[in-house]
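K.L.:
Input: one structure, supplied below.
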Amino acid sequence: MLRMEIALFLVIAFIACMYFSAERKRTQLNRIFSVLLITVLVHLIFDGITVYTVARLDTVPELLNEIAHRLFIGTLVLIVYLFYKYISVLVAEESGRHRYLDHAANIFLVLAEIGVAVLPVHYAVTPLGNYSDGIQVAVCYASVTFYLLMCAVLLVFNWKQLQRKERLAVGVALIIQCSVSLLQSLNPTWLISGAGITLMTLSFYLTLENPDILRAELTEQKMSMKYLKSQVNPHFLYNTLDTIRIQAQLNGDKEVSDLLMRLVDFFRHSVKVNMPMVALDDEMELLEAYMDLMCYRYPELKCEYDIDPELGGVMVPNFILQPIVENSLLHGLKNKGYRGEVNIIARKSAEHDDKMEILIVDTGSGFAEGKKEEIDSMLRTYARHEADMDGSSIGVLNVQKRIKLLCGRDCGLNYTENPDGGVAAHLLLPLKEETR
């Protein structure tokens, strides 16, 4: 039996090495899974120790056996809590709902760990093998049941909001742990709890936290981004060039030169396809070139900038602002004859110390009836939508996908309606500058 614990430890140790050596964005889910991996490794160590000591109750010092056993049970309770915590955060990010069960989960964890620390340890000695029983083990089974039940509740009530792979990972993990727990309770001498924990961890790693899968998603997004940039609205190009042609006939060369320069600037910045992250200053240069051309084409269109100068070096996903601004023009200000303003604001987040926010606020006609709910749903369930290359929301969806993938699930795009009319796009991004 001890050999199984050693094998399970080596499996999790290998996964931990792969996981911690892979480059990734540090999100709340990543942090929880990191703690989970470490806790599982510690748990499997004490699992192996208790397998050895419980089989030799007559030779191993009672105090040593008791300490090892309490640590074994305590880490097991913490592991099932961390599984719940991971699922709770995952569901909250996908559904946008409040994590209403966390308070009860935290209180139960404290009470369970206190019980593990102070309740007496008792062992049953049988011809088939020794095992622990009594009130302390009841605390362990109660904890596993409690947290698995809450995980099941989250899965059932948020089934439609979760991606297929997320439903699969959570569902398989719950089935595995429930089956192992049932078998362990019916056959206490089997001592297979470590196998259940290891299989649960594997299901999460292979499905949700695998670096190879994340790299594949990055490649997919990069190809999508290339396609998006190759599909820059041809009407914008034709109309701008026509504006330049007419202006060349009516005016001198200075204005034509300026317009051409801004057009060149726009394309020079927009072709940086191979750079997933760029400095905010570079992203703003592209946006300013685009807006200078649009404002010249539509004289009653104004654009104002309020950019915190300290944020110029912060790295942001490439080509995320122009699609959002273009969306504001086409779906907000176009209906008003392009008469109005677009305000671009970049500042440190007041609610998150490690985040910045970019606001794109227009004075357009606002959302059509039912359109905001449609956009909100699309942004919330972004992972389940394939970018429709002929659709009007490709820019918005593509931006959301790339922010989530490059910056983490706690960042992203959402929209609000302004009290005085128009729409505001909110982008929450990490405060991380380029390292040299």
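K.L.:
Against the condition assigned to a loop (DSSP other than H, G, I, E, B) and either among the small types (Gly, Ala, Ser) or under 22 Å from Arg402 (Cβ atoms) (or both), how does Phe319 come out, does it pass? Give the steps one after another, and end with the answer.
P.N.:
Details: assigned to a loop (DSSP other than H, G, I, E, B): yes; either among the small types (Gly, Ala, Ser) or under 22 Å from Arg402 (Cβ atoms) (or both): yes.
So Phe319 fits the description; yes.
K.L.:
Tell me, please, whether a residue that is open to solvent by less than 20 Å² (accessible area, probe 1.4 Å) and either of a type in the set (Lys, Arg) or touching a residue at least 24 places away in the same chain (Cβ under 8 Å) (or both) can be found in the stretch 182-190.
P.N.:
Within the stretch 182-190, not a single residue is open to solvent by less than 20 Å² (accessible area, probe 1.4 Å) and either of a type in the set (Lys, Arg) or touching a residue at least 24 places away in the same chain (Cβ under 8 Å) (or both).
K.L.:
Within the stretch 1-109, considering only helices (runs of 4 or more DSSP H) that don't extend past its boundaries, which have at least 3 residues that are open to solvent by 20 Å² or more (accessible area, probe 1.4 Å) and within 20 Å of Val144 (Cβ to Cβ)? Steps first, answer last, please.
P.N.:
Working: elements: 2-21, 28-54, 62-95.
Helices (runs of 4 or more DSSP H) meeting the threshold: 28-54, 62-95.
K.L.:
Something else now. Take Gly194 and decide whether it is open to solvent by less than 40 Å² (accessible area, probe 1.4 Å), assigned to a helix (DSSP H, G or I) and more than 23 Å from Phe33 (Cβ to Cβ).
P.N.:
Taking the combined requirement at face value, the residue does not satisfy it.
K.L.:
Identify all residues within the stretch 60-99 that are within 12 Å of Val116 (Cβ to Cβ) and charged (D, E, K, R); write none if there are none.
P.N.:
Selection gives Glu66, Arg70.
K.L.:
Can you go through Ser181, Ser193 and tell me which one is at pLDDT 70 or above and either aliphatic (A, V, I, L, M) or touching an Asp or Glu at 6+ places or on another chain (Cβ under 8 Å) (or both)?
P.N.:
Ser193
K.L.:
So Arg297 ticks every box in (1) in contact (Cβ under 8 Å) with a residue 24 or more places away in the chain; (2) within 19 Å of Arg262 (Cα to Cα); (3) surrounded by fewer than 16 Cβ atoms within 10 Å (Cβ to Cβ) but one. Which box is left unticked?
P.N.:
Arg297 satisfies every listed condition except (3).
K.L.:
Still on this model: If you take the residues of the stretch 301-341 that are of a type in the set (Asp, Glu) and over 18 Å from Leu397 (Cβ atoms), which of them is most open to solvent (accessible area, probe 1.4 Å)? Even if it seems obvious, please write down each step before you answer.
P.N.:
The initial filter retains those residues of the stretch 301-341 that are of a type in the set (Asp, Glu), namely 304, 306, 308, 310, 326, 341.
Still in the list and also over 18 Å from Leu397 (Cβ atoms): 304, 306, 308, 310, 341.
Working: Glu304: 100, Asp306: 95, Asp308: 40, Glu310: 116, Glu341: 78 Å².
Top of the filtered list is Glu310.
K.L.:
Among the residues of the stretch 326-334, is any touching a residue at least 24 places away in the same chain (Cβ under 8 Å) and part of a strand (DSSP E or B)?
P.N.:
no
K.L.:
Still on this structure: For the stretch 125-138, which residues satisfy the criterion of being in a helix (DSSP H, G or I) and crowded, with 19+ Cβ neighbours inside 10 Å?
P.N.:
Gln136, Val137, listed by residue number.
K.L.:
Something else about it: Looking at the stretch 161-181 only, could you name the residues that are in contact (Cβ under 8 Å) with a residue 60 or more places away in the chain, over 18 Å from Thr381 (Cα atoms) and either surrounded by fewer than 19 Cβ atoms within 10 Å (Cβ to Cβ) or among the polar types (S, T, N, Q) (or both)?
P.N.:
Gln177
K.L.:
Out of the residues in the stretch 342-369 that are open to solvent by less than 40 Å² (accessible area, probe 1.4 Å) and small (Gly, Ala, Ser), state the one that is modelled with the highest pLDDT.
P.N.:
Among them, the one singled out is Ala346.
K.L.:
Check Ile45, Ile38, Ile12, Ile87 and return the single one that is within 30 Å of Gln400 (Cα to Cα), of a type in the set (Val, Ile, Thr) and within 32 Å of the chain's Cα centre (by Cα).
P.N.:
Ile87
The values are calculated or read from the model by the stated rules, or taken from the named source; none is laboratory data. The model shown is predicted, which means the values in this text are computed figures rather than measured ones. Ideal geometry is used to build each Cβ from the backbone, glycine not excepted, and the neighbour counts take in all protein chains shown. Remember, those area values only see protein heavy atoms, side chains included, never the ligands or the DNA or RNA. Shrake-Rupley method; radii C 1.70, N 1.55, O 1.52, S 1.80 Å.
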